[in-house]
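**Student:** Could you have a look at this structure, given as structure tokens, before my questions?
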Amino acid sequence: MKKIILLFISFIFIFASCDNVGVEKASSDDAPYIGNPNLKLTSDIMTPEVLWSFGRLGNVAVSPDNSTILFKTTYYDIDQNKSNGEFYTVNVNGTNLQQITNTKFSEYEGTWRPDGKKIGFISYESGSGQLWEMNPDGTERKQVSEIEGGINGFKYAPDQSKLLFIQEVKVAPNTQDMHPDLPKASGMIFTDLMYRHWDHFVEGQLSHVFVADYDGTAVTNIKDLMKDEPYESPNAPFGGMEQINWSPDSKTIAYTSRKKVGKAYSISTNSDIYLYNIESGETTNISEGMMGYDVSPVFSPDGSKIAWESMERDGYEADQIRLWVYDISTETGKDYSADFDQHCEGLAWSEDSKSVYFTSVWHGKRQMYQLHIPSNEIALITGGVHDYQSVIPAGDQLIGTKVSMSSPAEIFSIELNTGAEKQLSFVNKDLLDQLTMGKVEERWVKTTDNKQMLVWVIYPPHFDPNKKYPALLYCKGGPQGALSQSWSYRWNYQIMAANDYIIVAPNRRGVAGFGQEWEEQISLDYHGQNMDDYLSAIDELAKEPFVDETKLGAVGASYGGYSVFYLAGNHDKRFKAFIAHDGIFNMEAQYLETEEMWFANFDMGGPYWDKNNKAAQNTYAHSPHRYVDKWDTPILVIHGEKDYRVDYSQGMMAFNAAILKGIPAEFLSFPDENHWVLKPQNGILWQRTYFNWLDKWLK
């Protein structure tokens, strides 16, 4: 589950904080153009409608000559219930901002061609996702590829002679193939596990990597690198083009794949790094024998080494993310982060091939770091209360996107020698200038086992210390991953505080950024120390004169939803309202309902029918559904029907139990949402229902 918030971290239950929408593949000619709404607010307090009016920055790429930054901003239209994204460029010194696209079709996967003369991107203007190109100023826009079925991502070879791309292909027959006389039959026949994943059924379609010739005008001689293989690359559901890369000489493609199927796939995290030789057509596994996640290979500019993110243990998705460097000539690798008790993510080589830059969370903030290969030393580059989501070398500086609990993503440059930062993009300046954000405070609270725990406290805008405010305990999802300076369009701390609540967000056991021991403690102990950590945090803040200790609520999603369900039966009347979104209610049912069995096996300990497994039996003995007899507090349950990570039935069971117990309850069900809420009107409905419920019981 951790991968949900690690995607493009900030991946679990990103999610949690990762909010993206599906591809808008078509747009009617008479539909209004979706762009910057240029709102003029009548209040400085954030509302759900204002939150959904922020531009969402992404797809940052630096030109080959390090002079210009390409980025994308996506805006949402509530009435149309969809989004539109446009590309912009800005000089690395922050001058000459230009919008270079202006269409009703969102463009995707923008990247610079290696010669810097064109920008490539994917557009659905022709009806399927195809490679298009334009000049750096947006002129001479034209379609380059005509690939049947379209493409989902691509990368130019460094010498521009070839192109790699990914595409969904059929790897197994479906029901209609087996029964051609029943073309309207909706039934699906399965004989093994992993028949559904995240939010869709897997009926013979998987992503493969392809290579083709490219001459600037067309894409030809297409070849499937994984022909006849029933495997996928990149890894579903969150892997992207970062998991596939070219060698500097354009002769080799490195890609990530977990070459397993069915039950074997569902119980293993053992993905590997494969090298495909363009000339010979041979594929080599260079991480064979390394048993955990091995992902996102990046060649050094001199072509001598490959760095990637590596986990050691199979079946444990929250293992430490190591910085592994493989020497191509000696065919040996080394963990350069062995003495670094943090995760290493988003790797990028320096131009001289002597350093690797990456991001890592420590004590609730994500910073940039530099590994010096010759000395094996790791140095901190940035500082401050924020999260750097990415790092891109650009000559004598670094480019990164930075967020905080009080600001969505913007682009910054960082001087390598001094660490000095400069803001380059101002996508949301107009909106932010009209809003008042609440104070974000870092506190350290003593836990029941005498450790110090970081707790983020977010105050309402215009906070009055002489007033008493209701307070919300925020229960983080995951259960692993970081509770850092993230910005979310659903679980947004500032909009919660803007509704006049004190927000208490503890970095309880299981949270990344405090060493692997702290993060790993939560496995097999969902009901234990981290629950005490939650209560230590809220009890400490309830002592404050500005907190109304008689009006406390607890809220959370995914593992946070589990936490709420558990606390509902184990809170000694502390709380007056609960909200659980996509939470685990019945652990025995969850074991057989979830799709990624490796997670259930590691964190729960194994199947509930193994009576000799004391760890597993302890897990199931403390399932939240076993404490319903103690439920006595109003609860709002939210769930998406397309959530296959934590099945919809979990929310149904919890709501039904509350009603049968005579406890005030509501159930907000989304038939078209998965583990997240991605559509604008659903997002606003979520916020309105959320705050209506809290206000009803806490105000």
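The values are calculated or read from the model by the stated rules, or taken from the named source; none is laboratory data. Not measured: the values here are computed from a predicted model. Neighbour counts run over all protein chains shown; Cβ positions are idealised from the backbone, glycine included. Only protein heavy atoms, including side chains, enter the accessible area calculation; ligands, DNA and RNA are left aside. Shrake-Rupley method; radii C 1.70, N 1.55, O 1.52, S 1.80 Å.
**Student:** So who's got an amide H within less than 5 Å of the one on Asp643, skipping anything under 5 residues away but keeping other chains? H placed 1.01 Å off N, in plane.
**Tutor:** Hits under the 5 Å cutoff: Tyr648.
**Student:** From the phi angles alone, apply the Karplus equation (6.51, -1.76, 1.60; θ = phi - 60°) to the range 628-636 and give each ³J(HN,Hα) in whole Hz, x where the residue is Gly or Pro.
**Tutor:** Along the range 628-636, the couplings run 4, 4, 9, 5, 8, 10, x, 9, 9 Hz.
**Student:** With a 1.4 Å probe and every protein chain left in place, tell me how much accessible area Lys429 has, in Å² to the nearest 10.
**Tutor:** Solvent-accessible area, nearest 10 Å²: 100 Å².
**Student:** I've got another one for you. Please identify every one of the trypsin sites (Lys or Arg not before Pro) in the range 462-554 that sits in a loop by DSSP and has no more than 14 other beta carbons within 10 Å of its own beta carbon.
**Tutor:** Details: sites: Lys467, Lys468, Lys476, Arg490, Arg508, Arg509, Lys543, Lys551; in loops: Lys467, Lys468, Lys476, Arg490, Arg508, Arg509, Lys543.
Qualifying residues, ordered by number: Lys467, Lys543.
**Student:** Using modelled amide H (1.01 Å from N, peptide plane; none on Pro or chain starts), what sits under 5 Å from the amide H of Ser257, excluding residues fewer than 5 places away?
**Tutor:** Answer set, sorted by chain and number: Asp272, Tyr274.
**Student:** Continuing with this model, one more query. Roughly what % of DSSP beta bridges within the range 441-518 run antiparallel, to the nearest 5? Kindly include the intermediate steps, with their values, before the conclusion.
**Tutor:** Numbers: 10 of 13 bridges.
Among the beta bridges of the range 441-518, antiparallel pairing accounts for roughly 75 percent.
**Student:** Taking all protein chains as present, what is the carbon and sulfur share of the accessible area of the chain, in % to the nearest whole number, probe 1.4 Å? Could you put the intermediate results ahead of the total?
**Tutor:** Numbers: 12830 of 26450 Å².
Of the solvent-accessible surface of the chain, carbon and sulfur hold 48 percent.
**Student:** ³J(HN,Hα) across the range 85-102 via Karplus (A = 6.51, B = -1.76, C = 1.60, θ = phi - 60°), whole Hz, x for Gly/Pro?
**Tutor:** Karplus values, whole Hz, x for Gly and Pro: x, 10, 9, 10, 10, 8, 5, 5, 8, x, 9, 6, 6, 9, 8, 10, 10, 7.
**Student:** If you don't mind, there's one more thing I want to ask. Can you send over the solvent-accessible area of His571, 1.4 Å probe, protein chains only, in Å² to the nearest 10?
**Tutor:** Around 10 Å² of this residue is reachable by solvent.
**Student:** Let me know the shape class of the range 521-628, please: from the alpha-carbon gyration tensor, a ≥ b ≥ c as square roots of the eigenvalues, rounded when a/c is under 1.5, otherwise prolate if a/b is greater than b/c, or oblate. Walk me through the numbers before you get to the answer.
**Tutor:** Numbers: a/c = 2.52, a/b = 2.16, b/c = 1.17.
Since a/c reaches 1.5 and a/b is larger than b/c, the shape of the range 521-628 is classed as prolate.
**Student:** Provide the solvent-accessible area of Val219, counting protein heavy atoms only and rolling a 1.4 Å probe, rounded to the nearest 10 Å².
**Tutor:** Using a 1.4 Å probe on the heavy atoms, I get roughly 20 Å².
**Student:** In the chain, what % of DSSP beta bridges are antiparallel (nearest 5)?
**Tutor:** On the way: 113 of 138 bridges.
Beta bridges within the chain, antiparallel portion: roughly 80 percent.
**Student:** Also, I was wondering about something else. From the residues Tyr75, Ala497, Leu164, which one has its Cα farthest along the dipole of the chain in the positive direction, the dipole being from +1 and -1 charges on Cβ of Lys/Arg and Asp/Glu about the Cα centre?
**Tutor:** Checking the options against the dipole of the chain, the answer is Ala497.
**Student:** A further question follows. With a probe of 1.4 Å, find how much accessible area the chain has per residue, and write the answer as a whole number in Å². Kindly include the intermediate steps, with their values, before the conclusion.
**Tutor:** Details: 26450 Å² over 699 residues.
Per residue, the chain has 38 Å² of solvent-accessible surface.
**Student:** I'd like the Karplus ³J(HN,Hα) series for the range 179-195: coefficients 6.51, -1.76, 1.60, θ = phi - 60°, whole numbers in Hz, and an x wherever there's a Gly or Pro.
**Tutor:** Those phi angles translate into 9, x, 7, 10, x, 9, 5, 9, x, 10, 10, 10, 10, 8, 7, 6, 7 Hz.
**Student:** Go through Ser271, Asn285, Tyr316 and say which Cα lies farthest out towards the positive end of the charge dipole of the range 264-331; charges sit on Cβ, +1 for Lys and Arg, -1 for Asp and Glu.
**Tutor:** Of the listed residues, the answer is Tyr316.
**Student:** Could you compute the net charge surrounding Asp302? Neighbours are other residues with a C-beta less than 15 Å from the C-beta of Asp302; K and R count +1, D and E count -1. Write down the numbers at each step before the final one.
**Tutor:** Numbers: positive: Lys251, Lys305, Lys354; negative: Asp249, Asp327, Glu351, Asp352.
Once positives and negatives cancel, what remains is -1.
**Student:** For the range 638-669 and the range 146-173, what is the centre-to-centre distance using only Cα atoms, to the nearest Å?
**Tutor:** That distance is 41 Å.
**Student:** Given H placed 1.01 Å from N in the peptide plane, which residues other than close sequence neighbours of Leu424 have an amide H under 5 Å from its amide H?
**Tutor:** Residues meeting the criterion, in which the H sits 1.01 Å from N, are Ile411, Phe412, Ser413.
**Student:** Something else: Length gain on complete extension for the stretch Asn613 to His372, per 0.36 nm per residue less the alpha carbon to alpha carbon distance? Mind dumping the intermediate values first?
**Tutor:** Numbers: separation 241, 0.36 × 241 = 86.76 nm, distance 4.50 nm.
Using 0.36 nm per residue and subtracting the Cα-Cα distance, I get 82.3 nm.
**Student:** With the cut-off at 1.5 for a/c, could you classify the range 192-348 from its C-alpha gyration tensor as rounded, prolate or oblate? If you can, show how the numbers build up before the last one.
**Tutor:** Values: a/c = 1.87, a/b = 1.04, b/c = 1.80.
Here the range 192-348 falls in the oblate category.
**Student:** Note down the net charge around Val261, summing +1 for each Lys or Arg and -1 for each Asp or Glu among other residues with Cβ under 12 Å from its Cβ. Before the final figure, lay out the partial values.
**Tutor:** Values: positive: Arg258, Lys259, Lys260, Lys263; negative: Asp192, Glu229, Glu232.
Charge balance near Val261 sits at +1.
**Student:** For Lys223 and Lys117, calculate 0.36 nm times their separation in residues minus their Cα-Cα distance, and state this gained length in nm to one decimal. Walk me through the numbers before you get to the answer.
**Tutor:** On the way: separation 106, 0.36 × 106 = 38.16 nm, distance 2.65 nm.
Difference between extended and current length: 35.5 nm.
**Student:** Starting from the Cα gyration tensor of the range 38-79, take the square roots of the eigenvalues, sort them a ≥ b ≥ c, and report rounded, prolate or oblate (rounded when a/c is under 1.5, otherwise prolate if a/b is larger than b/c, else oblate).
**Tutor:** Working: a/c = 4.12, a/b = 2.76, b/c = 1.50.
Note, shape of the range 38-79 comes out prolate.
**Student:** Still on this structure, please answer the following. Please give me, ordered by residue number, the trypsin sites (Lys or Arg not before Pro) of the range 582-676 that lie in loop per DSSP and have at most 11 other Cβ atoms within 10 Å. Let's see the in-between values first.
**Tutor:** Values: sites: Lys611, Lys614, Arg626, Lys630, Lys642, Arg645, Lys661; in loops: Lys611, Lys642, Arg645.
Of the trypsin sites (Lys or Arg not before Pro), the ones in loops of the range 582-676 whose Cβ has at most 11 other Cβ atoms within 10 Å are Lys611.
**Student:** Using the Cβ atoms and a cut-off under 14 Å, what net charge is assigned to the surroundings of Ala348, where Lys and Arg are +1 and Asp and Glu are -1?
**Tutor:** Values: positive: Lys305, Lys354; negative: Glu242, Glu309, Glu345, Glu351, Asp352.
Spelling it out: positives minus negatives among the neighbours equals -3.
**Student:** May I pose another question? Can you give the charge dipole size of the chain about its Cα centre, rounded to the nearest 20 debye, using +1 on the beta carbon of Lys and Arg and -1 on the beta carbon of Asp and Glu? Display every interim value, and only then the final one.
**Tutor:** Working: 61 positive and 94 negative charges, 368 e Å.
Value, rounded to 20: 1760 debye.
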